[in-house]
């Protein structure tokens, strides 16, 4: 089936063919290979509601944005899927964040949109991408800079860290800590794709790991992980200032 | 330690030997290899309560249903463990689903049972399975068809998708979206086992269909709770 969550900048109509992974309702009717599932079918009766399950993936293969069919356990899909998992984890955390009226809820939503673009970029391997594909899914530096600004903003309001903290600090904070760890996992899945030249280094950078000459330089403030970390601490601190609520646990 | 959650159709007594992974309280006393843990001991005193930790896995190995000992990082255990993770994620999501009185709560519980059977099938690699093993743990098409019926039922009540949605829509919905992504991961772990001929293709098919179901009920939950799904911009 398609993962609806990945929109990317290809636009809904622009993803013909390459989109079976993502848009069952915009399935190509062209020569993209066999389809053994339901799809849109022309008919003179009332239009049939397209089914969400296309069965095209039942044999264990799926399509990239470039139209390649690859086995579902390919590194590319592992990276795309983990990014999807991160976005979902953030979506869940946001329920507590908005419930508690935190100002950064909007930033988290923006991050979810950025992650859609990450997914699009990952699903466009350079080895099979045409110029048009790359142009549409290139991942720029802008989102990275924006995250850094947000991190700086929250970090400036937080007391300096003087001990190792345990993931804790209330539902918003602990949910965001969980997101942080999923983000780290997503980064680990992306790094080999960057190393192989299949994905732009900005993608890994965004997920918070700078690569320079193959060495990993960890960057405490930085990108999504740093941002989520900073807002976790911020959420925990906000909670701690309210009466009778547990502060962040410390080792 | 043993993963109690996998019952499957072997039944509690039927898992002698092959079950150390799953049922420490029914450990084989036969020739399945060394056991360096606690087990049941006959005694004239009051029966000893078996411990949940058997220590048999301390050296990094665990047993399949067919009695094979394999390292814990074997693809088989990765697939079984991720299926367990999926069932747990669904269990957590169900807390919000039942809290909000959704009718599909019962279906989710049935799916957790189906996932037990998925785990049993995965833990029975064809390369070392006897006829009896395969018979007990075969994964049929029935659950897949049932999922499709459920998907059609809810889809018919949902407005058509006109944009890409972000995982959102309330606690039930976002928890179910998260389950969907774990389901996708479970499928990615199962696909190589199917390719190698170790597991029936129906298992991968089921997980593929299940992610569609989870997506559908995530949207359905948001709609029923009157929550707006956020859209990609």
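The values are calculated or read from the model by the stated rules, or taken from the named source; none is laboratory data. Values in this document were obtained by computation on a predicted structure and should not be read as measured data. Every residue, glycine among them, receives a Cβ derived from its backbone with ideal geometry; neighbour counts consider all protein chains shown.
I need the full set of residues from segment A:112-143 which are at pLDDT 95 or above and more than 26 Å from residue A:69 (Cα to Cα), in order please.
A:112
Say we look at segment B:63-73 and pick out the residues that are over 18 Å from residue B:118 (Cα atoms) and without any contact (Cβ under 8 Å) to a residue 60 or more places away in the chain; which of these is surrounded by the fewest Cβ atoms within 10 Å (Cβ to Cβ)?
Only one residue tops the list, namely B:73.
Any residue that is at pLDDT 95 or above and within 8 Å of chain B (Cβ to nearest Cβ) - is there at least one of those in segment A:95-109?
yes
Among the candidates B:78, B:85, B:95, single out the residue that is assigned to a helix (DSSP H, G or I) and more than 21 Å from residue B:191 (Cα to Cα). So that I can check it myself, show each step before the final result.
Details: B:78 fails: more than 21 Å from residue B:191 (Cα to Cα); B:85 fails: more than 21 Å from residue B:191 (Cα to Cα).
Every option except B:95 fails the conditions.
Sort out for me the helices (runs of 4 or more DSSP H) sitting completely within segment B:130-233 that have 1 or more residues that are more than 7 Å from every other protein chain (Cβ to nearest Cβ) and without any contact (Cβ under 8 Å) to a residue 12 or more places away in the chain. Reasoning before the result, please.
Numbers: elements: B:131-137, B:142-155, B:171-195, B:201-225.
Result: B:131-137, B:142-155, B:201-225.
What are the residues in segment A:99-109 that are part of a helix (DSSP H, G or I) and under 20 Å from the mean Cα position of the chain (by Cα), if any? Quick ask: steps written out before the conclusion?
Within segment A:99-109, the first condition is being part of a helix (DSSP H, G or I), and the residues that meet it are A:99, A:105-109.
Answer for segment A:99-109, where residues must be part of a helix (DSSP H, G or I) and under 20 Å from the mean Cα position of the chain (by Cα): A:105, A:106, A:107, A:108, A:109.
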